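Visitor: Supplied in structure tokens, the structure appears directly below.
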Amino acid sequence: MFKLFAILALPLVLLVGLSGCGGGSLVVGVTPVVVPAVTPVIQGVFQGTTSNGKTVDALVLEDGSFWNIYGIPSGSALSVQGVATGSSTASNGVFTISFKDFYAPGTSPVIGNSSGTYSGSSLIGTVTENGVTGTFSSTAPVTTSYNYNTAANISSITGSWSGGLLDGETATVNILAAGTLTGTSSLGCSFTGTISPRPSGKNVFNISLTFAASPCALPNQTASGIAITYPLGDGRNQLIGGLVTSAQTAAVAFFAAR
């Protein structure tokens, strides 16, 4: 079955709405910029749709790394279907992305690639997985609710969050001011970790989780990635995280609003 997530361009972040806990897709972004580096990259948050009906919230970081959480809209929220992560390059109006798409817990990720053109805040191109190619169109949202170029602040996420996981479970996560966290899923999986502002000064957090033994889906394994928080239109805030294991064989997504 074709699982083209669509995207690309550039992700966290991502993000998505909270399934069963309210929330909505990311309401803000930043105009892509070319960062002086050996290989220039598109950078910032983008939202869009794909030719196979997926809604995507994506992020490209200052080092060219790419993250995306995608799914199908459900009311004001997004029903999450997967996490994609990889790397991107961009120069002279043209970008390419290579990624792994994690869309079904317990199955191997699908390797894909994307290419296209960028102009101003728009990205248009194609994405291919399993020999099937689709198209996508993505833009940087034009609002000030979330500013990618403002450093992330740990105080904005401290406290308790209740939300959903990629495998369909729910979980409660408690974040302390020191950047440590603990959590428990609805099936009794416990995990610990750390979360801290990204050293680049961008409005993104680095996050790492270590899971306990069974019944965790990733027993005694560690996953790392990124997280982001932003205000919703109803006065609440949303927290979304996307992580992959060190062997890049499995992914985890946490999405919550409070």
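The values are calculated or read from the model by the stated rules, or taken from the named source; none is laboratory data. Treat the numbers as computed from the prediction; the structure is a model and nothing was measured. Cβ sites come from the backbone with ideal geometry, for glycine too, and all protein chains shown count toward neighbours.
Visitor: Exactly one condition in (1) at pLDDT 85 or above; (2) surrounded by fewer than 22 Cβ atoms within 10 Å (Cβ to Cβ) is false for residue 67; which is it?
Guide: The single condition residue 67 does not satisfy is (2).
Visitor: Can you name the residue in segment 212-258 that is among the small types (Gly, Ala, Ser), over 18 Å from the mean Cα position of the chain (by Cα) and surrounded by fewer than 18 Cβ atoms within 10 Å (Cβ to Cβ) and, of all such residues, is farthest from residue 202 (Cα to Cα)?
Guide: It comes out as 214.
Visitor: Moving on to the next point. Considering only segment 198-237, how many residues are farther than 21 Å from residue 102 by Cβ, of a type in the set (S, T, N, Q) and part of a strand (DSSP E or B)?
Guide: Summing the residues that are farther than 21 Å from residue 102 by Cβ, of a type in the set (S, T, N, Q) and part of a strand (DSSP E or B) in segment 198-237 gives 2.
Visitor: Is it true that residue 147 is of a type in the set (S, T, N, Q), at pLDDT below 95 and touching a strand residue (DSSP E or B) at 6+ places or on another chain (Cβ under 7 Å)?
Guide: It is false that residue 147 is of a type in the set (S, T, N, Q), at pLDDT below 95 and touching a strand residue (DSSP E or B) at 6+ places or on another chain (Cβ under 7 Å).
Visitor: Based on what the data block shows, is residue 191 over 24 Å from residue 71 (Cα atoms), touching a Gly at 6+ places or on another chain (Cβ under 6 Å), crowded, with 21+ Cβ neighbours inside 10 Å and not acidic (Asp, Glu)?
Guide: So residue 191 passes the test.
Quick grid of which residues meet (1) exposed (fewer than 15 other Cβ atoms within 10 Å of the Cβ); (2) among the β-branched types (Val, Ile, Thr):
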| position | (1), (2) |
| --- | --- |
| 91 | yes, no |
| 95 | no, no |
| 105 | no, no |
| 123 | no, no |
| 132 | yes, yes |
| 136 | no, no |
| 145 | yes, no |
| 154 | no, yes |
| 160 | yes, no |
